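As structure tokens, the structure follows; a few thoughts come after it.
Here, each number is a calculation from the coordinates, and none is a lab measurement. All values derive from a computational prediction rather than experimental measurement. Glycine also receives a Cβ, built like all others from the backbone with ideal geometry; neighbour counts cover every protein chain displayed.
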Amino acid sequence: MKECCFSVTNIFEHIRIQHNHFCLLFLYYWLTLLPDTEKPVIANCPSSGIVLNRNERLAGYLPILSVTDNTMVRDLTVSPRNARTTYYVEAPITVIFTATDHAGNSASCSIPVTLRGMFHVFHYI
């Protein structure tokens, strides 16, 4: 008989289930009874923004985010939608990544994108 390695720990008790099938049933039952109130965690959201030239492609400058959750992340969306593929920056924007878990809890990472100053020097004769 295989031992189940799932354990539930809270302030008052520690439960360890020994039978594999019962363990899976208990885990399913436990997860459906207890509401998930923890939002996902985006560990490496940059603290500073991105500076690009006008009409530069954004995709190569966006970070690959590390997202975790106590249950599982359902999806990770980005706005604007094509920021990771074909978006060319024409004006300052904010890219927003949103991670959502199966209970509907969400966390966001906002990355401001600004343009390098483009100064033209005029010479008068």
On the principal axes of its Cα set, how long, how wide and how thick is segment 41-115? Give whole Å, largest value first. 41, 22, 16
Say each of E38 and A91 gets a label point 7 Å from the Cα, pointing the same way as Cα to Cβ; how far apart are those two points in nm? 4.1 nm
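Grab the other residues whose beta carbon is less than 14 angstrom from that of A107, score K and R as +1, D and E as -1, and report the net. Please report the intermediate quantities before stating the final value.
Numbers: positive: K39, R74; negative: D36, E38, D69, D75, D101.
Once positives and negatives cancel, what remains is -3.
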Subtract the Cα-Cα distance of C45 and R74 from 0.36 nm times their separation in residues, and report this length gain in nm to one decimal. 8.6 nm
Provide the per-residue ³J(HN,Hα) series for segment 72-88, in order, calculated from phi with Karplus coefficients 6.51, -1.76, 1.60 and θ = phi - 60°, each as a whole number of Hz, with x at glycine and proline positions. 4, 7, 7, 7, 10, 10, 9, 10, x, 4, 9, 4, 8, 10, 10, 7, 10
